[in-house]
Each structure stands twice: as C-alpha cells, then as structure tokens.
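We did not get these values from a lab; they are worked out from the coordinates using the rules stated. What you see is a predicted model, and the numbers here were worked out from it, not measured in a lab. Positions of Cβ are generated from backbone atoms using ideal geometry, with glycine treated the same way; all protein chains shown enter the neighbour counts.
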Amino acid sequence: MPNHQRQRIGLRALFAAMVLTAVFGLGSAVESFLAPPTFSKASDTDHSHSANSAAIADHDAINDHESDHEDEEDHLALTRQAFENLELRMGHVSRGEYWKSILVPGRVVEIPGHSSLSIPAPVTGIVDRVDLLAGQTIEAELPLFTIRITDEALINAQSQLLELLSRQEVAQQEIDRLQPLVSSGAVSGSKARGLRYEVRQLQAREAALRQELATRGMSETAIEQLIDDRQLMKLTTVFASDLPRRNRDPLAAADGQDSFGYSVESLAVQPGSAVQRGDALCTVAYHPTLYLKGTAFQDDLHVLERIIDQRWKITVETHEPGHQHGSDLQLELLRIENHVDEQTQTVQFFLELPNQVTFAREREGRKFEQWRFRPGQRLHLRLPVERWRDQLTLPADAVVVDGPNVFVFAQHHDAHNLAPEESSGGSPSLSLVTTQLASEQPQAASADEPLHDDEHHAFIELEPVPVRLLYRDDKTVVIADDGQLHSDDNIALNNAYQLYLAMKMQAGAGGGHHHHDH
C-alpha cells in the first residue's frame, strides 16, 4: 500500500477517536449535573428521619381526631329555621293493629235510574216561562215551568167536562125542586127517578173525563181548579213536588241540612219553545247518594269475596285539601260484577257512597249547593287483605331505605332538651325550646359584645337509627320490635329522605356539631 494512503487512514482513525472521547466526556458532565446531590453527613440523615416521624405522628393525630368524632358525623344538627322549613313532625312509634291492604283505583259514578232524572212536558204547548237556572237547587214547592196549552184533545176534554158539570147541576136542581111535590103526591115519582138516574150517568161521565184529563197531563190540583173556576185552563205549571220523594241524606240531616236533593243539570227549553207531550224540559240530578265504582284485577277476586264474607270495611282515601287521613271513609262492599273484562282482565265492584252538601249560597232567592263528591271524581280504595296485631308502625315518610340499610331519624339522646314536643294539634310546640335556648345564651361582657342569634344554634339534633323493615305500603311501614326503638323515642315522622340528604351534606362538609343545616 502506498504511503499516502496509509497516512489518510491514520488521520481518519485519529479523528474518530477524538469524537468518541468528546461524546463520552459530555455525557458524564450532563449526568453529574442532573443527578440529585447525596449527603453523607449524619446530622442530615437524622433530620430526614425526624421529619418523616413528625408527618406520621400528625397523620395519626388526625385519624384519632376523626375517630373521636366518628359518632358525631352521624348526627344531624338543625337550626330552628331548618326545622321549620322542613315542617318536621316529631312523634313516637305506634303499636297496635295493622291492616295489610291492596290499593286500587275508584271513580264516583251516578246510580243508574236514580241519580239523573229528566222532567218531561206534561202537555203539548208553548213554553211560557222558565223559573230555573242551570245548577240551581230545586226547592220542594218551587214552580219549574209554565206551559201554554195548545193540545186540542186536552182542550176538548176540558170543554166536555165543563158542559157535563152544567148538565149535572141542572138535573140536580130539578130533582131538588120536584122532591116536595113528589112527597105530596102532586107529581109522579117516576119523573124524579128518571132525573136521579140521569145524574148518576153524568157523575160516571165526570169520573171518566177526570181520568182523561189526568192522562193528558193535567194534575189533580189543576183539575180541581178547573171544576171550581169553571174556566178552561190555558196555562199549566210544572212543580218540583211532582218529582219522586227520596229519603233524606243521613249526613246532611246530621249537619242540620234539609235539602230536597235535586239540582238542575241542564235546561232543554227556553221561553217560546214548542214542546210535545213527553219532551224533556230539563235534566235534574239527585246526588245525596252515589256509587263508588272500583276496579280490581281478576287475581284479587278472592280478596273481594273475603271482604263480603267477613263484612270488612273498605277505606276510601279522599285526598281532600286541608283534610287529614281522619276524613277517609269506611264503606261496605255492595256488590261485585258478574263478568270480567276480556281485554284488561279486571273486575268492577261497587260501594254505596253517601254524599253531603259542603257549601250553599243564595242569590236573588235562588239556592246553589255544592256536593262533597261528584260523578267522575277519582278516589283510591284500600282493600283489606290481612290483619296483623301488635305491630310497630310509622308513616312511610319516616323511613329511609339505603340499599340493604333501613333507618329512621330519632332525636339524639344527649339533646333531649332541644327537642320540640308534639302538641295536641299535631304541630310542634316551640315555646319550651325557645326558653331553653334563651337560657343557654352566654351573658354579654359589655354592650359592644353581641349576643348570638338563636337561628344559628342547633335547635334539634337527630341521629339515624337502623331498623328492620317487615312490610311497607304507600302510607305505612311495619318495623320489627328488636329493641332499636323505644316508646319514648322522639322520631321524625316525615321528610326522612330530606334529612338523609342533609346528613350526607353535613358529613361532607366536615360533620360534627360545628356544622348546622340552615
């Protein structure tokens, strides 16, 4: 190989060696710059161990503090304002009889053929006057309609009766005149006997004409008036007394009300309307007694049959505003329909529903009444299934179900002095609590030191109490008598779920007595 080639190869090898040396040197410098410093002094090592020990000690102290307040986090502290905003009702668990039941829908209906009546026109004629308004309550002696008679047959029957009465009077007068002469022998008795026979014939014809007038729509009162006045009746009046009499409503009678029971639903005529005999003048309603029609599934037929057999009462939940559950009715089952609906597989049953007037107003001599129950109104019917004795019950709104856990909110045992007591009217009495809170106010050291506001202090403290749920419906829960609740425990009877949410929020905010719901 030539010398110049050997020189070039040597230069290249030398250059490569220099580059590698530079790269390794730069890598070592970067590593020494980025690596964390190490200390070998004993004092620094001891200081690191001390810092770690302090951190562990602080963590243990926090855990101990949380453990000390573990029970407090399960307490719910409410201010007076929060208590009143929730409208909490406090009370005790009830022990007694409980009816397991089925809730089914019901609807108020009229009694066919009894609750709705049509008043017909008694004669053919022209409506001369209407004395009613729609919705008006009908009084017993109230005139309803006045009709001008245009029935030719009725007018002819009246004319025949008046003519017959005149002939009868003439014949009777002739008999009275001949009677002394017959007694003296001056006149033959055969003539008098002929006149008496004629009078009897006229009387028989009078009775027939009376019946004809009655069948053509004239009332007995109108016929008697026709005979007394000896004038054709041009007008006839329809009175409420012509309506069938009903038994008085027992509920209305108990309230001192004596309602005729009928009210005008609709008017079919107006003054000037031409009517034929039998045409409807108006429709009236009779609602002192109605039907309550319930609907149950075919599988519940045995329950209905047992109710009839045992003569159990069915509870009717009225859900009337301003009324408590005490306004619910207890009614007997009247009958069960003898067929099942093919499409819905349901069966209907009926209860007799007594009604009562809730409001009456008079205006310009007319009375308008409002009934408690109205056809078409929907109600809930609770069918009794089974009776349980000696059970602990609470309102359904007093229980919270959280997965497998069920609990109620009871007053904290260490805070009985803050609990509102349930008064006789069902609302909490706040006077005793207010006095107690005022007595706990710290005395101000000076005029510049303000007193604390009661609204920011705990008014009542509640704690969840676990219970075992035996049965629950939409109104009531049955809980096991396992010693978790006692007869003297003061329990929140409503809004338990809202209290549950408030307790969760309070626990998330730190728990303890230092956080109150406002």
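Straightening the chain between TYR471 and ARG306 buys 57.2 nm, computed as 0.36 nm per residue apart minus the Cα-Cα spacing. Modelled this way, with points 7 Å down the Cα-to-C-beta line, the labels at GLU84 and GLN330 are 3.8 nm from one another. Our coupling estimate for the stretch 170-181, obtained by passing each phi through the Karplus curve with A = 6.51, B = -1.76, C = 1.60 and θ = phi - 60°, is 5, 5, 5, 4, 5, 5, 4, 6, 7, 4, x, 6 Hz, Gly and Pro reported as x. Here the Karplus relation 6.51 cos²θ - 1.76 cosθ + 1.60, evaluated at θ = phi - 60°, turns the backbone of the stretch 198-208 into coupling constants of 5, 5, 5, 5, 5, 5, 5, 5, 4, 4, 5 Hz, with x for every Gly and Pro. Given their separation in residues at 0.36 nm each and the Cα-Cα distance between them, GLN370 and ARG277 gain 30.2 nm when the chain is fully extended. For a paramagnetic label modelled on ILE227 (point 7 Å from Cα along Cα→Cβ), amide N atoms under 12 Å away belong, within the stretch 165-179, to 165. In a fully extended conformation the segment linking SER166 and LYS313 would gain 46.2 nm over its present Cα-Cα distance, using 0.36 nm per residue.
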